[in-house]
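Beneath this line is the structure, given in structure tokens, with notes to follow.
The values are calculated or read from the model by the stated rules, or taken from the named source; none is laboratory data. Quick caveat, the model's predicted, so the values are computed rather than measured. All Cβ positions, even for glycine, are placed from backbone atoms using ideal geometry, and neighbour counts span all protein chains on display.
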Amino acid sequence: MGLHAYLVVSALLFSMGIVCLVTRRNAVAVLMGVELMLNSANLNFVAFARFGRVGQAGLAIDGQMFAIFSIVVAAAEVAVALALVLNIYRNIRTIDVDEADTLKG
Amino acid sequence: MAPTEIAFAILAVMAVGGGAMVAFSRRIVYAAFSLLFTFLGVAGLYVLLAADFLAIAQVIIYVGGILVLLLFGVMLTHRIYDVQLKVQRIQPILGGLAALVVLGVLLVVVFTTDWPVVEPRAPVPTTARIGDEFMRQYVFPFEFVSLILLVALIGAALIARREEAGASSLEGVSPGGETPKREPTVNLHEEP
């Protein structure tokens, strides 16, 4: 399979992540959309590491390195975001992102 | 069809189908569980892309860590057996439109750009090379990202931690700390 097939899969995943991010009102579901988008970006990194033209040094590894860093940051992001969501739920009894507008002027 | 093409088709359908379930499923628990298929499908695509270490890391971190955290979030904050009928809103239309526009732009870019591709070589194990790169070219990002992870996890534990006894903002929460005694008064349902 060529590069294009992976890029198409990644684009589909990214747009589904956007749908999830924009239309969901549950904060945890919004996080799931963010995870979908991060996964599609990682897939792009790895696909370009496999198919991209690099120097004579053999297989490129840089894309995989970027994907690893991205996975680590995603793990940190999910931990912090879920802590915030739990705290919001504890305080105002909802995680509907449309209802949590206490700071709105 | 070559075996790799069949494997690619299965994995791509798995990933994209799981993603569609995440985006369009009416129930939040189904969305969380179908995220499992997406993560596993992407891990399989990593295998096809000769990224063996990354595939295992994907399974361990995403499926074993992030998905479990998300399921905890769902279970702790949502009454999972409620079904809510769809409410007519402008949001899904606009969101779907925005996603379609982004998808169109991405596909146009994918198919019109002249990517400098090469024929991939035979797969070799990548773990040793990744470890080598961590200690050479990427040693500063490596240390920095470990610091980020430490700070984020300490911060998450601090934010999610229950305050000391006597805090007035926690009334209605059982001392054991798991479930609220009071039924939530505000609408918690997922309304896509």
- Can you confirm whether segment A:36-47 contains a residue that is touching a residue at least 40 places away in the same chain (Cβ under 8 Å), at the interface with another protein chain (Cβ under 7 Å from one of its Cβ atoms) and outside any helix (DSSP H, G or I)? no
- Message: Just the residues that are part of a helix (DSSP H, G or I) and more than 9 Å from chain A (Cβ to nearest Cβ), please, taken from segment B:22-45.
- Response: B:Val29, B:Tyr30, B:Phe33, B:Ser34, B:Leu36, B:Phe37, B:Leu40, B:Ala43, B:Gly44
- If we keep just the residues of segment A:52-83 that are assigned to a helix (DSSP H, G or I) and modelled with pLDDT under 90, which is nearest to A:Asn42 (Cα to Cα)? A:Gly63
- Options B:Val124, B:Val105, B:Val117, B:Val110: the member that is surrounded by 10 or more Cβ atoms within 10 Å (Cβ to Cβ) and more than 7 Å from chain A (Cβ to nearest Cβ): B:Val105
- Looking at segment B:127-182, which of its residues are of a type in the set (Val, Ile, Thr), surrounded by 12 or more Cβ atoms within 10 Å (Cβ to Cβ) and modelled with pLDDT under 75? B:Val173
